[in-house]
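Notes follow the structure.
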Amino acid sequence: MTSNAKGWLAHVNQKIGPRVGKYRVNLEDLNNIGVGAVVKAVANMDVTVIDEIGPMELHSENFKEAVRNAVESGKLVIGTVHWKVRDKLIDEIRMREDAEIFRVTYENREKLHEVIVKKALQFLKEAIKRY
């Protein structure tokens, strides 16, 4: 599911919004486009992919709530988390029994997608059996 919605997550010339480095986060576009995309994916799809949960995205409480709802939906969520992120939401996700965290390294980066796809297919097959 895609949309043609476009916006800025952040920009150096943005006048308002939380500052992350030299950028200011555009909370309006993040909340309208980014949050909307996560909400629609959870409502309409079997798999939600969130790329990425980073310092800018975590300035939006609406984004964090959408991610939390996605993770609690019982559906498959595949997400990337910026390595610098420190947030209560990320800690909650890491502590979940149904979460599996993969750290991308130089050694595994060429094959990690195969591991994730295999696990995703296994999850979906088990979900089909439940229905």
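Every number here is computed from the coordinates shown, using simple stated rules; none is lab data. Keep in mind the model is a prediction, meaning the values are calculated, not measured. Positions of Cβ are generated from backbone atoms using ideal geometry, with glycine treated the same way; all protein chains shown enter the neighbour counts.
Data table
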| item | result |
| --- | --- |
| Furthest towards positive pole of dipole, ILE90, ILE16, SER60, structure part the chain, Cβ charges | ILE16 |
| Inter-label distance for ILE116 and GLU97, nm, one decimal - labels placed 7 Å from Cα along Cα-to-Cβ | 2.6 nm |
| Fraction in percent of alpha-carbon pairs per bin - 10 Å, the chain | 11, 38, 35, 14, 2, 0 |
| The chain - charge dipole about Cα centre, Lys and Arg +1 at Cβ, Asp and Glu -1, debye rounded to 20 | 200 debye |
| Within region 46-93, trypsin sites (Lys or Arg not before Pro) in DSSP loop having at most 15 other beta-carbon neighbours inside 10 Å | LYS84, ARG86 |
| Segment ASN108-LEU124, length gained on full extension (0.36 nm per residue, minus Cα span) | 3.4 nm |
| Residue order, fewest to most beta carbons within 10 Å, for THR80, THR48, THR105 | THR105, THR80, THR48 |
| Tilt relative to the chain, helix 112-130 - C-alpha long axis, 0 to 90 degrees, to 10 | 60 degrees |
| Within region 58-131: Cβ-based charge dipole about Cα centre, in debye rounded to nearest 20 (Lys, Arg +1; Asp, Glu -1) | 180 debye |
| Subset of LYS22/LYS64; LYS22/LYS84; LYS40/LYS111; LYS40/LYS129; LYS15/LYS64 violating a 28 Å alpha-carbon distance limit | LYS40/LYS111 |
